[in-house]
Amino acid sequence: MNSVLVIGSGCREAIIVRKLLDDSKKLGISLNVICIGSNKHPFIKENCELHILKKYYEIDFTRIVNNIKNLKFCVVGPEAFLEEGVADVLKKRNIPCIGPLKNYARIETSKSYAREIINACGLENHSPKYVLLEKNEFE
């Protein structure tokens, strides 16, 4: 049986799980959906083979991936997982991932980095002004 990993446990991920299950039935494919997320979502709990409830920083993602039999692909919802390099771990194992590699996710997870790119492309007039403050300036 094929397995799909869905990371996140909000409404967006519940819809993804529903669609995966509906489409697998239409195609006659046996599918295990495994979900990792920090929220208890009733639809996900009822319809996933396994629902791991943990925060992203509590997860040994490499161990989880290594223990999933026939993992065919992964869908990542929350940016925090992408920022931690989940897609990079999957790429090393030749497992397709719907979500960018850590380096590319940075444009979403770091607004100052995104603004630097905008400025480097000569589009400063499309970027809000910002100032980076030193840590001691907050105190």
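The values are calculated or read from the model by the stated rules, or taken from the named source; none is laboratory data. Keep in mind the model is a prediction, meaning the values are calculated, not measured. Because the Cβ atoms are built from the backbone with ideal geometry, glycine has one as well, and the counts that use them run over all protein chains shown. Each accessible area value is taken on the protein alone, full model and side chains, heavy atoms only, with ligands, DNA and RNA left out. Shrake-Rupley method; radii C 1.70, N 1.55, O 1.52, S 1.80 Å.
Against the set (i) 1.27; (ii) 0.95; (iii) 1.03, the structure's computed Cα Rg over 2.2 N^0.38 Å falls on (i). Partner aspartates and glutamates whose Cα lies under 18 Å from the Cα of LYS55, excluding those fewer than 8 positions away in the same chain, are identified as GLU13, GLU79, GLU83, GLU84. Just to confirm the number: angle between the C-alpha axis of helix 11-27 and the first principal axis of the chain, 0 to 90 degrees, nearest 10? Helix 11-27 sits roughly 40 degrees off the main axis of the chain.
Largest first, the residues TYR104, TYR56, TYR113 sort by 1.4 Å accessible area into TYR104, TYR56, TYR113. Net charge of the neighbourhood of SER3, taken over other residues with C-beta under 11 Å away and scored Lys/Arg +1, Asp/Glu -1, is +1. When the listed pairs LYS25/LYS102; LYS45/LYS111; LYS25/LYS45; LYS26/LYS92; LYS19/LYS91 are checked against a 29 Å cut-off, the alpha-carbon distance exceeds it for LYS25/LYS102; LYS45/LYS111; LYS26/LYS92. Considering only alpha-carbon pairs that sit under 8 angstrom and 6 or more positions apart, the relative contact order computed for the chain is 21 percent. Computed from phi, the 3J(HN,Hα) profile of the stretch 88-102 under the Karplus parametrisation 6.51, -1.76, 1.60 (θ = phi - 60°) reads 5, 4, 5, 4, 4, 9, 6, 10, x, 9, 8, x, x, 5, 3 Hz, with x in place of Gly and Pro.
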